[in-house]
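To keep things clear, I will list the structure first and then write my remarks on it.
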Amino acid sequence: MGFFSVIGMIGVLVIAGAVIGGLTNSIAIKMLFRPYQAKYIGSWRVPFTPGLIPKRQEEIASQLGQLVMKHLLTSDSIKQKLNETDLQQTVTDSVKAKAYDWLDADEAVEQSLSKWLGGEQPVDEMVDRLESGMERIVRDWLASHRNWAVKDILPETLDTSIEQKMPEVAGVITQHIVNYLESPDGKAEVTKKLDAFLESKGMFGGMIQMFLGNQSMVDKIYPELIRFLREQGLEDVISRMLLDEWSAIKQKTIAELEEQWAYEGALEHYVLSVMDERQPVKALFAKRPSELLGNQVKDDIDQLVPRAVQMLMMRLSDRLPDLLKLLNLEDVVTRQVQQFSVQELEQVILMISKKEFKMITYLGAFIGGVIGVFQSLLIFLMN
């Protein structure tokens, strides 16, 4: 056999082996996905149909779900992520930025809620529920405390504040009395009452009038009356009276006060009527966030948000196993893979592993070529 014949034979066998090896691997890769459905000749199913992945799609989905839960989305890995300082700082900065934007917004709280809840009706319903809830809380609280003494209900600080205000209240009362008596209407009213009193006394009243002469009794006693009212002693007397009355009220129960007022449920009616007039929830919702909370709240946000985020992450970490069990992500992944069409799955895998599949094809061609070389050598030695 001549030299060129040997070289030609080796070349043919190498090319044939490379073509067969590359083609074989290319077909094997295709058979991973195709055909998508089983092929039949009559009732006989053609072997290797459907392709490996379509045939094992349910099993692959189940195994992938287990893989994700056991090795990827584990409780420990998610806990580690939640406890990372960078993640907590990112969440904190995001929450603070949203809170600042909301506080600086030039719109009422009601308008913000309307945007978030998708209309005014949900906001109105929320306001109604809050006001109804507040009324129910007031009714329940008053019903459960009807037999409590006022002193046992009031906070000590409020009681002290009320007692400290009594001298000031007494001064206001005294000043209003003096202002009224010094006014023309007040003087006219006193004159009218005094004249009526003297007339009711008959001859005794006439004797007093004769004794005073042309000067009226009001002109005689009015300056002294005003001077008496302006004295500090009167304010002290009124203040002591108010304190005594307040002490007596504190010893009584709500039920006794309502009985004294001859109106059962008077306190409840008063509180609810004030709430209805002022519409506290509606009035609050009509304000802008900065008006409602004040600018000082930004400092509170700076302090509270990091703590809240840290606490939230800790709670999530503690409840993570139960949360993952509740979500059942393994079943979610399994169902999603099962519902994934084979065509889309093929495109995704080929897009990700296109270079690797090409290398497998080239490797098959290379191995086929090497086998062709060995075949040529073996034929040459046998001849």
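The values are calculated or read from the model by the stated rules, or taken from the named source; none is laboratory data. Being a predicted model, the structure only gives us computed values, none of them experimental. Quick reminder, even Gly has a Cβ in these numbers, built from the backbone with ideal geometry, and neighbours come from all protein chains shown.
Note on the range 1-67: enclosed helices (runs of 4 or more DSSP H) holding 3 or more residues that are at pLDDT 75 or above and over 59 Å from the mean Cα position of the chain (by Cα) are 3-30. For the condition surrounded by 15 or more Cβ atoms within 10 Å (Cβ to Cβ), modelled with pLDDT under 80 and part of a helix (DSSP H, G or I), Val95 does not qualify. For first residues located in the range 306-326 and touching a residue at least 40 places away in the same chain (Cβ under 8 Å), partners that are surrounded by 13 or more Cβ atoms within 10 Å (Cβ to Cβ) and outside any helix (DSSP H, G or I) and lie 6+ apart or on another chain with Cβ distances below 7 Å form the pairs Met313/Asn83; Ser317/Asn83. All of (1) of a type in the set (Val, Ile, Thr); (2) assigned by TED's automatic domain parsing to the domain that holds Asp152; (3) at pLDDT 75 or above hold for Val274 with one exception: (3). Within the range 311-355, track down each residue that is exposed (fewer than 12 other Cβ atoms within 10 Å of the Cβ) and among the small types (Gly, Ala, Ser). The answer is Ser341, and nothing else.
Search the range 236-258 for residues being of a type in the set (Val, Ile, Thr) and within 46 Å of the chain's Cα centre (by Cα), and hand back the single one that is nearest to Arg139 (Cα to Cα). So, considering only residues that are of a type in the set (Val, Ile, Thr) and within 46 Å of the chain's Cα centre (by Cα), the one nearest to Arg139 (Cα to Cα) is Ile254. Only one residue in Ala308, Ala266, Ala286 is modelled with pLDDT under 75, within 30 Å of Asp106 (Cβ to Cβ) and not polar (S, T, N, Q). Which one? Just one listed residue meets the conditions, Ala286. Filter the range 243-263 for residues that are modelled with pLDDT under 70 and not hydroxyl-bearing (Ser, Thr, Tyr) and give the result. Once the filter is applied, which keeps residues that are modelled with pLDDT under 70 and not hydroxyl-bearing (Ser, Thr, Tyr), the range 243-263 yields Trp261, Ala262.
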